[in-house]
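> Got a structure here, written out as structure tokens. Questions coming.
Rule-based calculations on the coordinates, nothing more; no lab input. Bear in mind that the values here come from a model prediction, so they are computed numbers and not experimental data. Please note: Cβ atoms are built from the backbone with ideal geometry, for glycine as well, and neighbour counts cover all protein chains shown.
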Amino acid sequence: MTHAPRHAAPERFRILLVCTGNLCRSPMAELLLRRALRPFGDRIELASAGTHATPGAAMHPLAARALTERGADPEGFRSRRLTDADVAHADLVLTAGREHRARCVELSPVHLLRCFTVRQWHRLAGHVDTAALPAGADAARRAESLLAEAVAVRGTVRPLAPAAESLPDPLRAPAEAFHSCAEELAAVADRLRALLRPTVS
């Protein structure tokens with residue numbers, strides 16, 4: 001049984017970002033989203049974790065540099081190992097790759113409809129009819145509606161090729177790979193901020 005998007009107005013909307021080591025992609029995603037979504041206060045909660053993370057490790061220094069150059073603050077970040085509770089408590093799970101999405105669904109099968117790779121989500125969110133989102137609603141309610149709309153268009157939008165659904169891992173790559181990853185994630189964060197911004201009916 002899948003977990004269909006709920007329709008009751010949530011107090012907060014929780015987004016979980018997942019990669020392998022919680023050293024590069026998911027922490028960059030978390031902190032870029034945190035910066036972009038700051039205007040919404042505590043209505044949107046963000047966390048990240050890694051499927052094979054060593055708890056307590058510092059972010060990769062090149063990832064931290066890429067964040068700093070984009071105005072995000074990596075200070076004090078420490079890696080976390082993904083748990084079933086992380087997935088169970090999330091309203092939306094965004095993963096770096098298909099393998100991470102599969103692991104999240106394995107941990108919580110009822111979250112199938114709430115799990116996307118970052119690239120899947122970004123593509124689907126770009127096809128959502130913003131007129132379908134509740135005007136004047138706060139960010140948490142708009143986020144829940146956005147999720148429902150993304151699920152609705154999932155079967156109508158031509159999917160990416162499997163290899164293109166995953167965000168390349170910059171670990172052990174040159175600094176440019178971290179910058180490219182951060183640029184792509186910043187675009188995801190900017191689109192989400194724009195979609196969650198209240199509109200006037």
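> Amide H to amide H under 5 Å from SER48: which residues, 5+ apart in sequence or cross-chain, H placed 1.01 Å off N in plane?
LEU17
> Tell me which label goes with the value of Rg and Dmax of the Cα atoms in Å computed from the coordinates here: (1) 34.2, 136; (2) 42.1, 140; (3) 15.8, 49.
Only one option fits the structure, namely (3).
> Pairs of alpha-carbon atoms within less than 8 angstrom and 6+ residues apart define the contacts here; what relative contact order does region 13-194 have, in percent? Don't skip to the answer; put the middle values down first.
Numbers: 311 pairs, mean separation 49.1, N = 182.
Answer for region 13-194 is 27 percent.
> Let me ask something else. Only Cα pairs within less than 10 Å get springs; with that Gaussian network setup on the chain, which residue of PRO162, PRO134, PRO61 has the largest fluctuation?
PRO162
> For THR95, which sequence-distant residues (separation of 5 or more, or a different chain) have an amide H within less than 5 Å of its own amide H, given hydrogens modelled in the peptide plane?
Here VAL18, PHE116, THR117, VAL118 satisfy the definition.
> Nearest 20 debye, what's the magnitude of the dipole of region 51-126 about its Cα centre given +1 on Lys and Arg Cβ and -1 on Asp and Glu Cβ?
240
> Please list, in order along region 191-199, the HN-Hα scalar couplings obtained from phi with the Karplus expression 6.51 cos²θ - 1.76 cosθ + 1.60 (θ = phi - 60°), rounded to whole Hz, x for Gly and Pro.
5, 5, 4, 5, 6, 8, 5, x, 10
> Mind putting a number on the dipole of the chain about its Cα centre? Charges go on the C-beta only, +1 for Lys and Arg and -1 for Asp and Glu, and I need it in Debye to the nearest 20.
Once rounded to the nearest 20, the dipole reads 100 debye.
> Distance from the Cα centre of region 41-63 to that of region 71-129, in angstrom?
When both Cα centres are located, 12 Å separates them.
> Is it possible to state the helix-based mean residue ellipticity at 222 nm for the chain, with each DSSP H run of 4+ residues giving -39500 (n - 2.57), the sum divided by total residues, to the nearest 500 deg cm²/dmol? What is it?
Result for the chain: -12000 deg cm²/dmol, rounded to the nearest 500.
> Same structure, new question: In the Gaussian network model of the chain, springs joining C-alpha atoms below 10 Å, which of ALA49, ALA88, ALA131 carries the largest mean-square fluctuation?
Fluctuation is largest for ALA131.
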